[in-house]
Every structure is written in C-alpha cells, then in structure tokens.
1. Can you name the condition, by its number, that L208 falls short on among (1) under 19 Å from I298 (Cβ atoms); (2) aliphatic (A, V, I, L, M); (3) in contact (Cβ under 8 Å) with a residue 12 or more places away in the chain?
2. Please specify each residue of the stretch 315-338 satisfying the condition of being in contact with a strand residue (DSSP E or B) (Cβ under 6 Å, 6 or more places away or on another chain) and among the small types (G, A, S).
3. Taking strands (runs of 3 or more DSSP E) that fall entirely within the stretch 233-332, which contain at least 3 residues that are surrounded by 18 or more Cβ atoms within 10 Å (Cβ to Cβ)?
4. For the stretch 345-367, name all the residues that are part of a strand (DSSP E or B) and either modelled with pLDDT of 90 or more or among the charged types (D, E, K, R) (or both).
5. At pLDDT 90 or above and either outside any loop (DSSP other than H, G, I, E, B) or surrounded by fewer than 19 Cβ atoms within 10 Å (Cβ to Cβ) (or both): does that describe Y227?
6. Consider only pairs whose beta carbons are under 8 Å apart and that are at least six residues apart or on different chains; among these, list those whose first residue lies in the stretch 41-53 and is farther than 14 Å from Y114 by Cα and in the same structural domain as L29 (by TED's automatic domain parsing) and whose second residue is outside any loop (DSSP other than H, G, I, E, B) and of a type in the set (A, V, I, L, M).
7. Please list, ordered by first then second residue, the pairs with beta carbon atoms under 9 Å, 6 or more apart or interchain, first in the stretch 309-321 and in contact (Cβ under 8 Å) with a residue 40 or more places away in the chain and closer than 20 Å to G284 by Cα, second hydroxyl-bearing (S, T, Y) and crowded, with 21+ Cβ neighbours inside 10 Å.
8. Show me the helices (runs of 4 or more DSSP H) entirely contained within the stretch 102-210 in which 3 or more residues are at pLDDT 85 or above.
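The values are calculated or read from the model by the stated rules, or taken from the named source; none is laboratory data. Keep in mind it's a predicted model, so treat the numbers as computed, not measured. Neighbour counts are summed over all protein chains in view; Cβ atoms, including those assigned to glycine, are modelled from backbone coordinates with ideal geometry.
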Amino acid sequence: MSFSKQKLWYYTKRAFWVLVAWVLIFNALFFYEYLTLLDNNALASDFDFTLAFRANLMVSVIAGVIGGTLTLNFMERSLRKYAFGKALILISITYIIVALIISLIGSTFFYSDYLGKPFHSEDVIEAVKAFFGGWLFIKNLIIWLFIVLGTVIVFMINDKYGPGVFPDYLKGKYFSPKKERRIFMFADIRNATGIAETLGEQKYFNFLKDFFNDIAPAIQQTQGEVYQYVGDEVVLTWKMKNGLRKANALLCFYKMQDEIAKREAYYMKNYGYLPIFKVGLHYGSVMVGELGKIKRDIAFSGDVLNTTARIQAKCNEKGVDILTSSAFSDIMYQLPEGFKKIAIGSVQLRGKAEEIELITYQYKESQ
C-alpha cells in the first residue's frame with residue numbers, strides 16, 4: 001500500500017515552517033542592521049531602503065525554500081546513514097555551495113536594479129565581484145552557516161526525543177511526575193533469535209540498525225515517539241490526540257510495513273532475511289517524568305506497558321501481525337478507508353485476573 005500523499009504532506013509542513021522561520025530571521029537581521037546604521041548615521045546617502053528590502057526578501061524566500069526542502073528534508077533524511085560529525089560537514093559543504101548560488105542571484109538582482117543596467121553588463125558584474133569580496137558577504141555567510149547547522153541540530157535532537165518531546169523537555173514539563181493517558185505500541189521482529197544465530201553478532205546489529213532507521217520515517221509521519229529500543233523490539237508511544245488523529249497509531253504499523261517492503265531487495269541481498277515484525281497496541285494512564293542523574297531520560301510507568309507487551313506476545317498464538325485491545329479499537333473510531341477490524345476473542349493475559357478482548361485489523365485490498 002502507498003502513503004505517499006501523507007508522507008509528502010509531512011515533509012511539506014517541515015519545509016514550510018523552515019521557510020517561515022528563516023524568512024523571519026533573515027528580515028529581523030536586516031532590520032536590526034538597518035536601524036543600527038540609521039541610529040549611528042552610517043547609511044550611505046544613496047541607500048535605497050525599498051530596493052534593499054526587496055532584494056533581502058527575495059533571497060530569504062529562496063534560501064527558505066531551498067533550505068526547507070533540500071537541506072532539512074531530503075539531506076537530513078539521507079544523511080542518517082552517516083555519523084553526526086560527518087553529516088554536519090557534508091551539510092556545511094552543501095550549504096556553502098547553495099549560499100554562493102543564492103548570493104549570486106540576489107546580488108545580481110540588486111545591482112542590476114540599483115544601477116539600472118542588465119544583469120550581464122560589465123558594471124553589474126564588477127559590482128557583484130566586489131560584493132563577494134566584501135565583509136558583508138563573509139559575515140552573512142558565517143551567520144547563516146550557524147543558523148543552518150543550528151536548525152539541523154534541532155531537527156536531529158527532536159528526532160532523538162521524538163516529535164514534541166524535546167520542547168517539553170526544555171520547558172521542564174516532566175521534571176515532576178505527571179499522570180497522562182497515552183497509546184503504546186510494542187513492535188518485535190519475528191524469529192529474531194534464529195536470524196541472530198545465522199547472521200552473527202555484528203551483521204545482526206547492522207540488520208537491526210537498518211530496520212530501526214527504515215521505520216523511522218513512518219514513526220515521524222504519524223507523530224509517534226520512540227520510548228526505547230530493547231534488543232530487537234521498539235516501544236512507541238503517542239499522546240492521545242496525536243495517536244487518534246487520522247488513526248496515526250494504527251497507521252504507523254502499516255507505514256512501517258510499507259517502508260520495509262520497499263527495501264526488500266536490499267535486505268535480501270545483504271542479510272538474506274526481510275524483517276517481519278508483529279505489534280501490540282493498547283492505551284491507558286501512566287506516570288511520566290524525568291529519571292536518572294548521570295543520564296537523564298523521560299520514563300513511563302504503569303500497567304498499560306505490561307498489558308501492551310502481553311498483547312503483542314499473543315500475535316504468534318493468533319497467527320496475526322497486529323493485535324490491539326478492544327478498548328483501543330473502541331477509541332480508534334475513525335478507521336482509514338479500506339481497513340476493518342476483526343474480533344479475535346477474549347484471552348487470559350499472563351499476570352491478569354480478568355480476560356481481555358483482542359482485535360486485529362485487515363486491509364481490504366490485501367485480501
């Protein structure tokens with residue numbers, strides 16, 4: 001199945017907010033420099049504010065569009081396979097190349113308009129050359145290098161903590177424990193022990209690394225948060241509104257399947273195995289707060305985690321790849337088109353006094 005529209009929308013939103021942020025920063029710096037020069041009576045007598053503002057705005061929009069789509073979407077995603085330092089170096093090199101191109105366009109426009117001559121005239125070319133050798137260009141190049149790297153670092157840190165978690169962490173939202181209702185998913189690779197024995201430790205580690213990297217876009221696009229990796233298992237969580245919106249928590253599983261299916265040839269060539277996985281979903285109240293002194297982290301505590309793990313463990317017994325509690329299926333009332341839920345029946349989960357009804361889902365076009 002394809003979720004290309006939602007994926008496109010996800011990256012478009014990221015690009016849009018980068019565009020807005022960079023245009024605001026660009027113009028804030030422009031007005032700061034303009035007011036500083038004005039306050040110190042340092043503006044040239046022939047300074048044209050309207051022309052300078054138009055040129056600055058044009059450059060800021062071009063930079064925002066390129067930065068939002070290239071540097072922070074496609075590049076940041078493709079550079080996941082590189083170490084953090086190497087990724088920043090490659091992004092810096094790309095930024096410098098793009099900055100030179102944007103500056104060439106912006107300065108050519110400005111001096112062509114300012115001098116009233118065509119962009120290919122000798123006077124305009126000489127003015128552009130002088131601009132590139134001036135302190136203003138060098139200063140802006142350095143400032144924007146730090147802005148680009150800062151933006152990339154923020155995105156990478158946000159990826160580490162999960163969408164929305166890093167801002168909460170900075171605000172100290174979970175410094176004191178709080179009670180929240182959350183959705184949890186436990187995802188586990190089938191036959192992990194057998195695969196590990198066949199591949200060996202190092203190759204199996206790379207197998208897991210590829211798997212977790214490949215499912216990351218699906219988690220991001222559905223606003224999921226990675227709580228923890230435990231061997232071949234990943235535990236995901238959603239705030240209730242994020243998990244229920246557009247059935248994100250449910251769709252995450254199918255998006256993960258879709259991402260892995262697209263990489264089947266790669267897995268078979270490099271490992272001889274395709275990571276087939278099963279998931280369990282449930283929701284409920286948990287205590288959430290910061291734990292640890294040497295290594296601080298946000299931790300969850302509550303019966304819902306144990307229940308979700310037990311639900312996932314029933315996938316093998318029931319012969320399905322996804323199981324949820326009936327309580328979860330009841331709140332997930334807006335199913336995506338083409339999906340239907342199937343009642344599995346009540347089961348006794350280990351450590352539970354009462355039976356719980358399980359639900360699986362089926363995509364109609366796959367029948």
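1. The one condition L208 does not meet is (1).
2. S325, S326, S329, G338
3. The qualifying strands (runs of 3 or more DSSP E) are 233-239, 277-291, 322-325.
4. Scanning the stretch 345-367 gives E357, L358, I359, T360, Y361.
5. Here the answer is no, as Y227 does not meet what is asked.
6. Going by the 8 Å Cβ cut-off, the qualifying pairs are L43/L37.
7. The qualifying pairs are I311/T324; I311/S325.
8. Ranges flagged: 122-132, 192-199.
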